[in-house]
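*Asks:* Here it is: the structure, laid out below.
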Amino acid sequence: MPLGQLLIESNVVDSAGIDEARQHQKVAGGTLVDSLLELDLVDAGELEAFLGQAPPEQDEIEGTGLGLQFLLGFITKAVYLTGLETVPDLSDYTKLSPVVVQEVLEDAKQKHLVDVLGLADTRRSIYRYALTDAGRRWASDAIEQCTYSGPAPVTLDVWQRQVLKQSIARDHASPESISASLSHLVLDPNIVRRIGPAVDSGRAILLYGEVGNGKSSIAEAVGNAYGQEIFIPYCVEIDGQIIKLFDAAVHHEVEPAPRQDPRWVRCQRPVVTTGGELTIEMLDLSFDTVTKTYEAPAHIKATGGVFILDDFGRQRVSPAELLNRWMIPLERRVDYLTLHTGKKLKVHFDELLVISTNTPPSQLIDGAGLRRIPYKMELRAPTTDDYAVIFRRTCEAHGLQAPDDVLRYLIEEFYPTTGLELSGAHPRFLLDHVFERCRYEDRALQIDLDHVFDAVHSLVVEERPPRPKALGAS
């Protein structure tokens, strides 16, 4: 469902207003929301309140989007697998409201699936429930279909509506937020200036250049430029199938919103990184034949956030095949996933895709592919001044001062003699070697010319680095 249709159905704006905004968007660019606000077709406060609204808690079975038959199986399965007996405990476990759990148990009692054992808490009239023999058979049948038990799912349609409302294109990155997110890096000001509009657009970015010049660091840092929180469901239901979406490793929780549906988690926009291990198969749903549930692929878990494809060109699949897989998502902003039954699911592709590679793009991507990546930036080797700043910062992070003679040796002797190009990754590499030597020799951490000369041997192969003139002849 397009965002315009959602706004019309929710009575935020009428169809004529959406048509006018779309015509304006074709000329002015930007998002549909931008055009609606620029043309004053909708009240800014009302629109923001609608788009930023948390999924509300549902106190009726119909409001959950899940049918009574599904919920009967889900609740009896929870009782069977966990031994929980009361409405409050089952509500905490399934994230369904107590009213919904009570209603499901009442229906289960009428079907002779549960018995009431008595009061668990006389002060609050909380009753204990237990499965009957028929209830255990019902639960066993539900487990055979799917063993998943825990937070109840939301429907695919409801999740997709929420994706539209919290689109990454709505979360405008400002010059201040971009500068703050990249402040720990030493970068060419022109790169910082160009990164801002690219991140703000929410579209694809290609970062390329030699190893160690900040591509991966930039990609990981830009996620911090976004200020809005989003809502991620624990899992999604479609045709009785469960797709697990929430992943604590990438979805970092924040305080829930008031009266928020507990089946959703309020979190920061996710940043998900994949590298050389990525295959085409990993970009589709993963079906577990034992639990009979699906795990969402990494780029779907990144919905509403940043998906980083690091080391592009080193995957076990060809770059052309991998990029072809993303042609439709990049162009139409939708993706298609496949259930093991063969059914195709259409989902919104709403994320900032950042591709990082050490290989010249022309060797990996044809013209059609490059056209679909609107922002391309080369990260070049640092200047000698920038290299010195990086070296000093790295030392200061360990409470040390960078000796001037060490920097002079590296910049005036080591790099010119070996022909090795300056790299922003080298200071950390060298200091790691220095610190390992100090630890091995059971000495206090220190950095001097002798230690660095020893470390630079690991920066070059098949040749000897120049001995520092300050150390004299060996």
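The values are calculated or read from the model by the stated rules, or taken from the named source; none is laboratory data. Keep in mind that what you see is a predicted model, and the values were worked out from it rather than measured. Virtual Cβ from ideal backbone geometry, glycine too; neighbours counted across all protein chains shown.
*Asks:* Can you name the residue in the stretch 53-75 that is touching a residue at least 24 places away in the same chain (Cβ under 8 Å) and among the polar types (S, T, N, Q) and is also nearest to LEU164 (Cα to Cα) among such residues?
*Replies:* Taking the candidates together, the pick is GLN53.
*Asks:* Could you check the stretch 76-100 and list, in sequence order, the residues that are part of a helix (DSSP H, G or I) and either out of contact with any strand residue (DSSP E or B) (no Cβ under 9 Å at 6 or more places or on another chain) or free of Cβ contacts under 8 Å to residues at least 12 places away in the same chain (or both)?
*Replies:* The answer is LYS77, ALA78, LEU81, THR82, ASP89, SER91, ASP92, TYR93, THR94, PRO98, VAL99, VAL100.
*Asks:* Surrounded by fewer than 16 Cβ atoms within 10 Å (Cβ to Cβ) and not hydrophobic (A, V, I, L, M, F, W, C): is that true of SER318 in this structure?
*Replies:* Yes; evaluated as a whole, the condition is true for this residue.
Yes/no per residue for (1) at pLDDT 95 or above; (2) of a type outside the set (Lys, Arg); (3) surrounded by 18 or more Cβ atoms within 10 Å (Cβ to Cβ):
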| position | (1), (2), (3) |
| --- | --- |
| ALA44 | no, yes, no |
| GLY52 | no, yes, no |
| GLY67 | no, yes, no |
| LEU71 | yes, yes, yes |
| THR76 | yes, yes, yes |
| LEU84 | no, yes, yes |
| SER91 | yes, yes, yes |
| LYS95 | yes, no, yes |
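*Asks:* Sort through VAL186, VAL222 and tell me the only one that's closer than 16 Å to ALA425 by Cα and not assigned by TED's automatic domain parsing to the domain that holds LEU36.
*Replies:* VAL186
*Asks:* Sticking with this one: Do any strands (runs of 3 or more DSSP E) entirely within the stretch 154-257 hold 1 or more residues that are free of Cβ contacts under 8 Å to residues at least 60 places away in the same chain and charged (D, E, K, R), and if so, which?
*Replies:* The strands (runs of 3 or more DSSP E) meeting that bar are 229-233.
*Asks:* Out of the stretch 125-141, which residues are among the charged types (D, E, K, R) and not in a helix (DSSP H, G or I)?
*Replies:* ARG128, the sole residue that qualifies.
*Asks:* When the residues of the stretch 101-124 are narrowed to those that are assigned to a helix (DSSP H, G or I) and under 42 Å from the mean Cα position of the chain (by Cα), which ends up surrounded by the fewest Cβ atoms within 10 Å (Cβ to Cβ)?
*Replies:* GLU106
*Asks:* Looking at (1) within 22 Å of the chain's Cα centre (by Cα); (2) in contact (Cβ under 8 Å) with a residue 24 or more places away in the chain, which is the only condition TYR336 fails?
*Replies:* Against the list (1) within 22 Å of the chain's Cα centre (by Cα); (2) in contact (Cβ under 8 Å) with a residue 24 or more places away in the chain, TYR336 comes up short only on (2).
*Asks:* Tell me, please, whether a residue that is among the polar types (S, T, N, Q), closer than 16 Å to ILE242 by Cβ and not assigned by TED's automatic domain parsing to the domain that holds GLN260 can be found in the stretch 91-111.
*Replies:* yes
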